[in-house]
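Data first, discussion second: the structure below is written as C-alpha cells.
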Amino acid sequence: MAAQEYTRAYNAYSAALQLSPVGPSSHVFLSNRAASLLSLKRYSAAAVDARRAVALAPTFGKAHARLGQALYFLKQYKGAVEAYEDALKYEEEEGYGGNNAVTKAYLQKAREKLAKQEEKERKKR
C-alpha cells in the first residue's frame, strides 16, 4: 500500500474518532490508526494511539501488538517485549489460540534486541 493510502486510512480513523472518541469501537479505530501510523513510520504517534486503545480495551490483543511494534521501532525493547507478551496472552483469550506467527516473530526479535541492549548496558558499567 502506498504512503498516500496509509495517510487516507489515518484520516478516516481520525474522522471516526472525532465522531466517537470513547465509543464502543474507539479502541479499534485507535488501534487501526496506530497501524497506519506505523506504516507511515510515525512510531511515537503510533505508540500514543496504541496506548490509548489499550486504556479503552485492556484485553484487545491487536492494540498490544501495535504498541509492541511501535516500541520496537523506538528501540524501547523492554516495553516491546511486554506488549507482545500481552498481545499473545489476550489473543489466546480472544480465541486466536495464541498462534499469531507475526506477533511471535516480533516478540522473538524484541527479546534478542533487548538482550543485546542489556549486554551493552552491562559493559558500560
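Would the range 59-68 turn up any residue that is surrounded by fewer than 19 Cβ atoms within 10 Å (Cβ to Cβ) and either farther than 23 Å from Glu118 by Cα or not β-branched (Val, Ile, Thr) (or both)?
Yes, the range 59-68 contains at least one residue that is surrounded by fewer than 19 Cβ atoms within 10 Å (Cβ to Cβ) and either farther than 23 Å from Glu118 by Cα or not β-branched (Val, Ile, Thr) (or both).
Results for (1) at pLDDT below 90; (2) loosely packed, with under 14 Cβ neighbours inside 10 Å; (3) farther than 16 Å from Tyr43 by Cβ, shown as yes or no for each residue.
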| position | (1), (2), (3) |
| --- | --- |
| Leu71 | no, no, no |
| Lys75 | no, yes, no |
| Ala80 | no, no, no |
| Ala87 | no, no, yes |
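Among the residues of the range 51-108, which ones are basic (Lys, Arg), farther than 20 Å from Ser36 by Cβ and part of a helix (DSSP H, G or I)? Explain how you work it out, then say what you get.
Step one: list which residues in the range 51-108 are basic (Lys, Arg), which gives 51-52, 62, 66, 75, 78, 89, 104.
Narrowing further to those that are farther than 20 Å from Ser36 by Cβ: 75, 78, 89, 104.
Those that are basic (Lys, Arg), farther than 20 Å from Ser36 by Cβ and part of a helix (DSSP H, G or I): Lys78, Lys89, Lys104.
Any residue at all in the range 91-105 that is of a type in the set (Phe, Trp, Tyr) and open to solvent by less than 60 Å² (accessible area, probe 1.4 Å)?
We begin by selecting, within the range 91-105, every residue of a type in the set (Phe, Trp, Tyr); these are 96.
With open to solvent by less than 60 Å² (accessible area, probe 1.4 Å) added as a condition, the list becomes none.
Scanning the range 91-105 turns up no residue that is of a type in the set (Phe, Trp, Tyr) and open to solvent by less than 60 Å² (accessible area, probe 1.4 Å).
Which one of these does Ser44 not meet: (1) under 14 Å from Ala83 (Cβ atoms); (2) open to solvent by 60 Å² or more (accessible area, probe 1.4 Å); (3) small (Gly, Ala, Ser)?
Exception for Ser44: condition (1).
The values are calculated or read from the model by the stated rules, or taken from the named source; none is laboratory data. Values in this document were obtained by computation on a predicted structure and should not be read as measured data. Using ideal geometry, Cβ is built from the backbone for each residue, glycine included, and neighbour counts are taken over all protein chains shown. Surface accessibility is based on the protein's heavy atoms, side chains included, excluding ligands, DNA and RNA. Shrake-Rupley method; radii C 1.70, N 1.55, O 1.52, S 1.80 Å.
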